[in-house]
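Here's the structure we're looking at; comments come further down.
The values are calculated or read from the model by the stated rules, or taken from the named source; none is laboratory data. Please read all numbers here as calculations on a predicted model, not as lab measurements. Methodologically, a virtual Cβ is constructed for each residue, glycine included, from the backbone with ideal geometry; neighbour enumeration extends over all protein chains shown. Surface accessibility is based on the protein's heavy atoms, side chains included, excluding ligands, DNA and RNA. Shrake-Rupley method; radii C 1.70, N 1.55, O 1.52, S 1.80 Å.
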Amino acid sequence: YAAWFPYPKLAVAELDPPSALLQCGNAGESYSVKLSCEQGGGVISSVDFASYGTATGACGQMKQGACHAATSLDVVQKACIDQKECSVTASPAAFGDPCFGTHKRLLVQIQCNPPQNNTYWDFTYLDPSFEDFLDATNGHSRIIMFSTQPVWLFKLDTPHIYPDNASEVDWGYPQGTELVDDTMEALGDYYGRLTAWYTRGGFIDEYGRKHVSNYEYNWDYTEIFNEVESEHGMSVEYYTRAYDAVIQGIRRHTNNTEMKYVGLAHGGHNEFDRYRYFLNHSNHAPGIPLDMISYHFYASSNTRTEPVDYEAFFPQLDTFTSEVKQIEEIRKELSPETRTTINELGIILPDDNNPGAPQFPLIFWNAGGAYFAYAWAKLARQGIDVVGHSYPDLPNLQLSPQFPSVALLNWTTGEGTAKYWTSKLLIETADIDNDQAVITRTTDVAEQNVFCQAFVSKNRQRWVLIINKRFANVDVILPGCTGGTMQIVNEASGFGPPIETKLMVDRITLSAFAVAVVHMPNGSLAI
């Protein structure tokens, strides 16, 4: 589960910094500033600042801009003074229009009587989707990643204004490269309190106030950040310190020393020195575990709509597999107990986030399924522990589709694509406790067109994974398969499950980018 920065309200639980005795609000046009003194049992006693226009500044440092509605202070005072709470909408209807055609915001700063220390923890948008995920995956091994740090933890020249609408994309949210608190204790405290909210029933905030959630979930792994080379531009040395600080913070606020952690989450490639530094235990604080590392890979093609170009996915994966081999050599040398998850494995077609880009043909789903099956088999040979599809779309939240070529589901109908059904087929067929991959021989010509991997179980059951890497029909001769069964994901299976057939001959015809699992008949010796 990865809560990611383009939607700050869905990814960050404390979007604004604690403001001590001052309380502030900031809202764009048609949205409301909501203020409350109820936590301290008081009322709003003063409005120190109010401006509808182009004001800027953090709480305690707000300043009027060139555009300012003269009615601002009066309107807010009338709505809020002597009230336990109030809500004021940023709109010309309330304030008049001080600068027609200019986007305006309402910035307000108040104080309470009696005085009240203020924090801005808000789980309104985080809880529903995370609760759904945790309930749906109960009993399964889970990796949780709240990848996005509050931007106010970083040194910035001006505060970053995040979108009012939770569904609005903010690609510019991860700003700053240096934390305000160089000890990184505040960073650890944020993640400690966030984790305590979901695992310990709540937390104590920066001013000693208890926030109660009643959640007592558990999960196996917490992954720390995402693609840190680009998000906040962290050097490996800086990231390693942050990784340690987050673990220490989670332990401080939850007293959980059993939690396991995933580090690095690299998006770049051939960054071998970063792996050497991070996997060296001497570069970490005492007692910090290196349970697992993660990194990502996305294939692409020259065009979005030409299926023959999708054949390029497979040699790209071959190149990546060579990189994996080098990373594995480093891991085995420095920290052999550390596991590996390649937890973003996908395809991003050209212009994928361009609303005007043409829709790719349906055969793309089959190419994507074949690519994932190929990656699974090739990376399993390297001893990789986990290979995970990347899947971004959240249609139940009415979000604009992001990277549609990465999706597992048809975002219009909710049906599984060939990528989904291929993944499901592998999960249900492969038994990691009982199946052993064995040497599988193919002709040189066949290797150019198909990939084959045979497996033998402890009870001598045999099955073969066959993948067509071409945008063309390919015939495969599999001696001894007559009488066996085949499950195949291809164009004909569409958005449905694999088609199952009884094999009457040893010749199998695979349509473009088809993925087949052949269950050999009992007594068959040929594979």
- Note on the structure: Karplus ³J(HN,Hα) for the stretch 153-159 (6.51 cos²θ - 1.76 cosθ + 1.60, θ = phi - 60°; Hz, whole; x = Gly/Pro) runs 6, 9, 6, 9, 6, 9, x
- Task: Under 20 Å Cα to Cα from residue 104, which lysines show up? Leave out anything in the same chain fewer than 8 places away.
- Result: 34, 63
- With Rg from the Cα atoms and Rh as the Kirkwood inverse mean 1/r over Cα pairs, the chain has an Rg/Rh of 1.05
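Once fully extended, how much extra length lies between residue 281 and residue 138, figured as 0.36 nm per residue of separation less the alpha-carbon to alpha-carbon distance?
So the chain would gain 48.2 nm between residue 281 and residue 138.
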- Item | Within-13-Å neighbourhood charge of residue 138 [Cβ basis; K, R +1; D, E -1] | -4
- What is the sum of charges around residue 370, taking Lys and Arg as +1, Asp and Glu as -1, for the other residues whose C-beta is under 11 Å from the C-beta of residue 370? +2
- Message: I'd like the FRET efficiency for residue 385 and residue 157, computed as 1/(1 + (r/R0)^6) with the beta carbon distance as r and R0 of 45 Å, rounded to 0.05.
- Response: 0.55
- Query: At what distance in angstrom do the alpha carbon centres of the stretch 413-444 and the stretch 177-256 lie from each other?
  - Reply: 36 Å
- Query: For residue 411, what accessible area in Å² do you get when you roll a 1.4 Å probe over the heavy atoms of the protein chains, rounding to the nearest 10?
  - Reply: 80 Å²
- Message: If N is the number of residues in the stretch 93-232, what value comes out of its Cα radius of gyration divided by 2.2 N^0.38 Å?
- Response: 1.27
- Would you check the accessible area of residue 73, probe 1.4 Å, heavy atoms only, in square angstrom rounded to 10? 70 Å²
- Message: What number do you get for the stretch 270-327 when its Cα radius of gyration is normalised by 2.2 N^0.38 Å, N = residues?
- Response: 1.64
- Note on the structure: In Å, the C-alpha Rg and Dmax of the stretch 151-233 are 15.0, 39
- Rank-order 185-195, 325-335 by packing density, defined as the average count of other C-beta atoms within 10 Å over each peptide's residues, highest first. 185-195, 325-335
- Stretchable slack from residue 171 to residue 491, in nm (0.36 nm times residue separation minus alpha-carbon distance): 111.6 nm
- With unit charges on the beta carbon (Lys/Arg positive, Asp/Glu negative), name the residue among 345, 171, 25 whose Cα is farthest towards the positive pole of the charge dipole of the chain. 345
- Expressed in square angstrom to the nearest 10, the accessible area of residue 281 with a 1.4 Å probe stands at 80 Å²
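Return the Rg/Rh ratio of the stretch 414-501 with Cα-based radii and a Kirkwood Rh. Let's see the in-between values first.
Numbers: Rg = 13.8 Å, Rh = 14.4 Å.
The Rg/Rh ratio comes out at 0.96.
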- What net charge do the residues around residue 249 carry, taking every other residue with its C-beta under 14 Å from that of residue 249, with Lys and Arg at +1 and Asp and Glu at -1? -2
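Restricting to DSSP loop positions (anything but H, G, I, E, B) with no more than 11 other Cβ atoms inside 10 Å of their own Cβ, which chymotrypsin sites (Phe, Trp or Tyr not before Pro) remain in the stretch 69-154?
Working: sites: 95, 100, 120, 121, 123, 125, 130, 133, 146, 152, 154; in loops: 100, 120, 123, 125.
Filter output for the stretch 69-154: 100.
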- Note: probe point = Cα of residue 216 + 7 Å toward Cβ; backbone nitrogen < 20 Å; residues of the stretch 242-258 passing the test are 251-258
- HN-Hα J couplings of the stretch 37-42 from phi, Karplus 6.51/-1.76/1.60, θ = phi - 60°, integer Hz, Gly and Pro as x? 10, 5, 4, x, x, x
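Within the chain, which whole H helices from DSSP have a Cα span along their axis of at least 24 Å and a mean Kyte-Doolittle hydropathy of 0.0 or more, if any?
Working: long enough: 236-254 (27 Å, -0.63); 313-334 (32 Å, -0.52); 363-381 (28 Å, 0.40).
Answer set is 363-381.
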- Message: By the 4.7 Å beta carbon criterion, which cysteine residues of the chain come out unpaired?
- Response: 452, 481
- Task: Summarise the accessible area of the chain (1.4 Å probe, protein heavy atoms) by the percent that is carbon and sulfur.
- Result: 50 percent
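Between residue 499 and residue 409, what is the FRET efficiency for a Förster distance of 25 Å, r being their Cβ-Cβ separation, to the nearest 0.05? Write down the numbers at each step before the final one.
Details: r = 20 Å, r/R0 = 0.79.
That gives a FRET efficiency of 0.80.
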- Can you give the calculated 222 nm mean residue ellipticity of the chain, where each DSSP H run of n ≥ 4 adds -39,500 (n - 2.57) and the sum is split over every residue, rounded to the nearest 500 deg cm²/dmol? -7500 deg cm²/dmol
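Compute the Kirkwood hydrodynamic radius of the stretch 75-161, taking the inverse of the mean of 1/r over all pairs of distinct Cα atoms, and give it in Å to one decimal.
On the way: mean 1/r = 0.0558 Å⁻¹.
After inverting the mean inverse Cα-Cα distance, the result is 17.9 Å.
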- Solvent-accessible surface ranking, highest first, for 363, 432 at 1.4 angstrom: 432, 363
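Calculate, for residue 103 and residue 305, the FRET efficiency according to 1/(1 + (r/R0)^6) with r their C-beta to C-beta distance and R0 35 Å; round to the nearest 0.05.
On the way: r = 37 Å, r/R0 = 1.05.
The calculated FRET efficiency here is 0.40.
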- Task: Run through all the Cα pairs of the stretch 19-113 and give the fraction in each 10 Å bin from 0, expressed as whole percent.
- Result: 19, 54, 24, 4, 0
